[in-house]
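The next block holds one structure in the form of structure tokens; read it before the comments.
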Amino acid sequence: MTSTWIEYAAASYNIHLTNAQAAQFETYATELVAWNERVNLTAITDLPGIQVRHFLDSLSLFQVGNLKDAMRVIDVGTGAGFPGLPLQIAFPGIQVALLEATGKKVAFLDHIIHTLGLTNAKTVQARAEEAGQMPEHRAKYDLVTARAVARLPGLLEYMLPLAVVGGRCIAMKGTTAQKEAADARQALSVLGGRLVGIEPVALPDVDEPHFLVVVEKIAPTPAVYPRKPGIPTRKPLRG
Ligand code: SAM
């Protein structure tokens, strides 16, 4: 799959990686597997799995992401950097903040940013509920992304406060995408969001359905949101 995933990215997402970018992805995969021996970063450790389920899956955001130079992006609960870091490698002109609560994962992200020389990427070690109330992060991002962090009603309380009005949130979801979006109606209306669409994503040799849930921020989020750490997922906004 080594060169095939790169061809797939070109054919499906119109992403044409240079040799230098392909080498950055290779280093990222090698370091991910090496660090995974001592820090719990990923359950996927085979190279084809990393290329498809981490790299290509992250890059599928290009289908709807509409990325532009200097765009400010924050990836909430980024873990080992997905989807934020692949987006940064593929599109070095954007400015990516990688938001992650766990210090050991942030140490890995700092190591990768440094090793790959990604001058437009930075880490933010905080919980999303805290970052959403910090003046330097609240309503500052054009695009807010998240994969495998929380169910949508709670997740939107992490994401929408960080977006500018007119910006977008994209949550990467599996089979439960439609159900979670239906359950998130109240959260959307309270937090200032509007569901734009639920886009299917196809990945090579992957049977489980993948979806991008796209939300536009249409109004400022009331100051009381996000609530204190733990509350958005324990007591999600529901109608
Ligand atoms: N997004 C990555 C991916 O798809 O590979 C990581 C997914 S992992 C299952 C969820 C990550 O979100 C963990 O690293 C966890 O520490 C982080 N996380 C969960 N809740 C969070 C919160 N409220 N604020 C910041 N990070 C959070």
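The values are calculated or read from the model by the stated rules, or taken from the named source; none is laboratory data. On a predicted model such as this, the values are computed, not experimentally measured, just so you know. Here the Cβ positions follow ideal geometry from the backbone for every residue, glycine too, while neighbour counts run over all protein chains shown.
Which of the residues that make up the range 137-172 are in a strand (DSSP E or B) and farther than 16 Å from Gly79 by Cβ?
Tyr141, Asp142, Leu143, Ala163, Val164, Val165, Gly166, Gly167, Arg168, Cys169, Ile170
Among the residues that make up the range 137-160, is at least one of them over 14 Å from the mean Cα position of the chain (by Cα) and on the phi > 0 side of the Ramachandran plot?
yes
For the range 1-66, please list each of the helices (runs of 4 or more DSSP H) lying entirely inside it that holds at least 3 residues being over 19 Å from the mean Cα position of the chain (by Cα) and more than 13 Å from the ligand (Cβ to nearest atom). Before the answer, list the steps.
Details: elements: 4-13, 19-35, 62-65.
Output list reads 4-13, 19-35.
Within the range 120-140, count every residue that is near the ligand (Cβ under 9 Å from one of its atoms), in contact (Cβ under 8 Å) with a residue 60 or more places away in the chain and in contact with a strand residue (DSSP E or B) (Cβ under 8 Å, 6 or more places away or on another chain).
1
Which condition from (1) part of a strand (DSSP E or B); (2) of a type outside the set (Gly, Ala, Ser); (3) within 16 Å of the chain's Cα centre (by Cα) is the one that Leu195 breaks?
Against the list (1) part of a strand (DSSP E or B); (2) of a type outside the set (Gly, Ala, Ser); (3) within 16 Å of the chain's Cα centre (by Cα), Leu195 comes up short only on (3).
The rows are residues; the columns are (1) surrounded by fewer than 14 Cβ atoms within 10 Å (Cβ to Cβ); (2) within 12 Å of the ligand (Cβ to nearest atom); (3) modelled with pLDDT under 95.
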{"residue": "Asp142", "(1), (2), (3)": "no, no, no"}
{"residue": "Leu160", "(1), (2), (3)": "no, no, no"}
{"residue": "Ala163", "(1), (2), (3)": "no, no, no"}
{"residue": "Cys169", "(1), (2), (3)": "no, no, no"}
{"residue": "Met172", "(1), (2), (3)": "no, yes, no"}
{"residue": "Arg194", "(1), (2), (3)": "yes, no, no"}
{"residue": "Gly197", "(1), (2), (3)": "yes, no, no"}
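Just the residues that are within 28 Å of Ile198 (Cβ to Cβ), surrounded by fewer than 19 Cβ atoms within 10 Å (Cβ to Cβ) and free of Cβ contacts under 8 Å to residues at least 40 places away in the same chain, please, taken from the range 43-65.
Ala43, Ile44, Gly49, listed by residue number.
Quick check on the range 53-67. Is at least one of its residues of a type in the set (A, V, I, L, M, F, W, C) and in contact with a strand residue (DSSP E or B) (Cβ under 7 Å, 6 or more places away or on another chain)?
Among the residues of the range 53-67, at least one is of a type in the set (A, V, I, L, M, F, W, C) and in contact with a strand residue (DSSP E or B) (Cβ under 7 Å, 6 or more places away or on another chain), which makes the answer yes.
For the subset of the range 67-101 comprising residues that are among the small types (Gly, Ala, Ser), within 15 Å of the ligand (Cβ to nearest atom) and part of a loop (DSSP other than H, G, I, E, B), which member is nearest to Thr18 (Cα to Cα)?
For the range 67-101, the residue satisfying everything is Gly81.
Which residues, taken from the range 206-239, are more than 14 Å from Tyr158 (Cβ to Cβ), in contact (Cβ under 8 Å) with a residue 60 or more places away in the chain and more than 20 Å from the chain's Cα centre (by Cα)?
The answer is Pro220, Arg238.
If I ask for residues that are surrounded by fewer than 15 Cβ atoms within 10 Å (Cβ to Cβ) and near the ligand (Cβ under 10 Å from one of its atoms), which ones from the range 104-119 would you list?
Lys104
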